[in-house]
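Take a look at the structure below.
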Amino acid sequence: MTATLEPAASTAVGEVPTFQVTLKIARYIPSDAPAPAYGEPVPAGTARWDEFQLTVHGTDRVLDALHQVKWDLDGTLTFRRSCAHGVCGSDAMRINGRNRLACKTLLKDLDPSKPITIEPIKGLPVIKDLVVDMEPFFASYREIMPFLITGANEPTKERLQSQTQRDRFDDTTKCILCAACTTSCPVFWTDGQYFGPAAIVNAHRFIFDSRDEGGAQRLEILNDKEGAWRCRTTFNCTDACPRGIQVTKAIQEVKRAVITRTF
Amino acid sequence: MQTHEYDVVIVGAGGAGMRAALESSVRTRTAVISKLYPTRSHTGAAQGGMCAALANVEEDNWEWHTFDTVKGGDYLVDQDAAEIMAKEAIDAVLDLEKMGLPFNRTPEGRIDQRRFGGHTRNHGEAAVRRACYAADRTGHMILQTLYQQCVKNDVQFFNEFYVLDLLVDHDLAAGQVPDHEEVNVAGVVAYELATGEIHVFRAKSVVMATGGAGRIYKTTSNAHTLTGDGIALAYRRGIPLEDMEFFQFHPTGLAGLGILLSEAARGEGAILRNSTGERFMERYAPTIKDLAPRDIVARSMANEVREGRGCGPHKDYVLLDLTHLEPAHIDAKLPDITEFARTYLGVEPYTEPVPVYPTAHYLMGGIPTNVRGEVLRNGTDVVRGLYAAGECACVSVHGSNRLGTNSLLDINVFGRRAGIAAAEYAVDATLVDLPESPAATMSAELEAIRTRQDGERPADIRRALAETMDANAQVFRTEESLTQALADIRALARRYRSVSVQDKSRAFNTDLLEAVELGFLLDLAEVVVVGALNRKESRGGHFREDYPKRDDAGFMRHTLVYRRPLTDGPAAVDGDSDGPFALSSQSDGYQLVLGSKPVSVTRYQPMERKY
């Protein structure tokens, strides 16, 4: 879905075209904040929507637009970001109703004729504007023992692993813990105790690693009522993953392993 | 204000910080302070690999790796440190494998290796396969693996805490502490982003592992958060900075964006071409061509553009050509970077060459340390209990130009060493008394910025800083361009004194923290430019058009830049400060005093650098 770009009249040959967008951003003002610098003052501790009209470039991402707002219009707008090219996982947010990384979503690929809505990811407590409390997410991650578990005898050199064995879990090693999958999951929205797709993906990464000996323990953890069985295969997580991980497939493989105990 | 006490406090949770934490936390009580969640650190953006002479796929040894590192750094490398790094590289890779890092494998199931710029067989004969890798996300895998081990070892993290000050028991910045006097670290001051609360961490040892400062430039592969915090704090507290004029420009940033495309692309066979389709690196580095070290490739690219052989409507970039590679091979070895080209430029690397141009990538200089990671406060004396590792440190294993993959190696080898040394020191040391009101200086500065009603906007100053650095202190430098940059930086620093923010709240005030980070960037940009003005030669990543030759007689020394109060007479600099380095540069209210440190030369005498 690529929108038609209306090049500005002054655009020279080879210039990156500019176009207009409207951002509609969900704001949440924590209780201690004084009146915002932009827009109407609102009582602290409440949520509201702010709209911003911007001129952007053809290569701009949603993150560039958010920076434009923060740096030129309203310094109080708050969001996390770091690497700005889709590898650190800081800026997962709900853009036009879908979980995506702001730094990996090009504005030209969204429909500029309508306001672009930006909200925090769902299911985690909002701290301020687009910033949520990530602690519950990382707590689930830690619970599945996300580290290689091996027996006592370490080889002097590397452990051997065939290319086929290495490929078996390649997909789930790509996870950047951005939480886009977990916070797109309707089960997680209604039941915050559910481990969620990201934790299961990271369990998968070790369960199917030929060097790991902790698979049975992890499967026991995920056989819990808040474990892999809560997954209803809606595929929201797979659609949301900015790394293209086949999340739902990984969860299904974990479910199968819980039953068959082969992995 | 809250006060905490630990044996070891590590500042930064990228590769170096977490590698240090894994060593320190099993030996003594350790805390890690990080301004990001650890997995957000920019180590995760490293792509191509980590070199070690495992000789899994062809003959290789650590001595060749040492030589390549020394030559790659244009002989400004401390050779004792490079030798340690190349030797310990082998265990560093094997340690990561044992921690679970999913390296790509050979058909025999061993760790696979590939070619990388400047890494050669037998002292430059031909490219060698030395880089151990996990597709083109080796840094991601290292960061994840180290974090996994930290979870396993229950390492204590303070996430989203910004370090604001470094506490030392002497006022080094006044320039009055005699050589050889004992100086001890006392701890750090940090700011909790979620609440705006100030925390003082008392510690017997402090390890700085805060990463680089690429955001002094506009076109950069670095994260928005790489603002040189730890380096600037050490400098403000009187510790000199070493070799800051050496900034690496990575050849293959996506044109106009700066996003990195790994050198692994060229390691796997990609070719750089100019507007005539010529493989121009054949002219600049006839033996290893596109796999020459980064400084040479970046300069060659900039030169092609300057001489009118650039591509595109403005002739302002060159092309990285992967179209002769099999799509299946690209998918297996370079999946992420080809996706970057598709996502951000809409270019399909299977069939179209990718527009690229050099991007500010890596700071070779930093906080001076010895091979144990101990921070030096002059040419010889250490600050007891203070350590630094990774990009914020200068050991110096990279000299004037770092070879590709050696940064992932550096963080693992010297992160480990600093973690061990910090913990061993802390076991026998006692806590040093905190200065009176340890957080007063930074609290006052922060409150002034936060409450100032009208003033300069941080973003305007930051953009102007990045513009002048790109225009005047990038791949090609002259006395004139650098003088312009220095004047601009000082004018911006004056504007910064009345900086104010719009967010006046305490909770999660990133507006305020960006203003603090800008202060760090301004300080460091000034050091970079003063060092570059003073170094009237061309070496590695520092190229002076007005002094295009390397000058070993005059400049085969490490630069040390000290921040000191203004004095009437010439400023006193401790340590080795003879030769052309005994200079100072007067700024507003302080001066930058230039000293130097000899280069450690063991096996390799400087030779002309040809590839």
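Where a number appears in this text, it was derived from the coordinates with a stated rule and is not lab data. As the structure is a computational prediction, the values presented were derived from the model and not from experiment. Counting neighbours? That spans all protein chains shown, and the Cβs are built from the backbone with ideal geometry, glycine included.
Details
- The range A:79-149, Rg to Rh (Cα coordinates; Rh as Kirkwood inverse mean 1/r): 1.05
- Put in line by how crowded their Cβ is, counting other Cβ atoms within 10 Å and starting with the fewest, B:300, B:443, B:498 read B:498, B:443, B:300.
- 17 Å Cα-Cα reach of residue B:549 towards aspartates and glutamates, excluding residues that sit fewer than 8 places from it in its own chain: B:74, B:245, B:295, B:479, B:537, B:608
- Counting neighbouring Cβ atoms within 10 Å and putting the fewest first, the residues B:559, B:210 line up as B:559, B:210.
- Overall form of the range B:54-208 per C-alpha gyration tensor (a/c, 1.5; a/b vs b/c): oblate
- Part-to-part distance (alpha-carbon centres) for the range A:70-135 and the range B:510-532, which is given in Å: 26
- Across the range B:207-224, rounded Karplus estimates of 3J(HN,Hα) from the backbone phi angles (6.51 cos²θ - 1.76 cosθ + 1.60, θ = phi - 60°) give 10, 7, 9, 9, x, x, 9, x, 6, 5, 9, 7, 8, 8, 7, 7, 5, 4 Hz, Gly and Pro being marked x.
- The residues B:488, B:74, when put in order of fewest to most other Cβ atoms within 10 Å, stand as B:488, B:74.
- Only DSSP H runs of four or more residues enter the estimate; each adds -39500 (n - 2.57), and after division by the residues of the protein assembly as shown the mean residue ellipticity at 222 nm equals -9000 deg cm²/dmol.
- Prolate/oblate/rounded call for chain B, Cα gyration tensor, a/c under 1.5 rounded: rounded
- Between amide H atoms placed 1.01 Å from N, distances below 5 Å from residue B:170 occur with B:184, all of them 5 or more places distant or on a separate chain.
- Spatially proximal lysines relative to residue A:157 (Cα-Cα < 27 Å; intrachain offsets below 8 disregarded): A:174, B:87, B:98, B:152, B:333
- For residue B:112, the amide hydrogen comes within under 5 Å of the amide hydrogens of B:104, B:105, B:106, B:133, counting only partners 5 or more places away or on other chains and with H modelled in the peptide plane.
- Free-standing Cys residues across the protein assembly as shown, given no other cysteine C-beta under 4.7 angstrom: A:103, A:175, A:178, A:185, A:231, A:241, B:51, B:132, B:150, B:311, B:392, B:394
- The spread of Cα positions in the range B:237-279, taken along each principal axis and listed from longest to shortest, comes to 51, 22, 18 Å.
- Among the residues of A:85-98, the average count of other protein chain beta-carbon atoms within 10 Å of the residue beta-carbon is 4.
- Rh by Kirkwood over Cα pairs, then Stokes-Einstein D for the protein assembly as shown at 0.692 mPa s and 37 °C, µm²/s: 120
- Averaged over the residues of peptide B:108-118, the number of Cβ atoms from other protein chains lying within 10 Å of each residue's Cβ is 2.
- Distance from the alpha carbon centroid of the range B:91-108 to that of the range A:218-263 works out to 27 angstrom.
- For the segment A:69-82, counting C-beta atoms of other chains within 10 Å of every residue's C-beta and taking the mean gives 6.
- Nearby aspartates and glutamates by direct alpha-carbon distance to residue A:114 (threshold 13 angstrom, same-chain neighbours under 8 apart not counted): A:51
- Size of the range B:325-440 as Cα extents on the principal axes (Å, biggest first): 64, 32, 26
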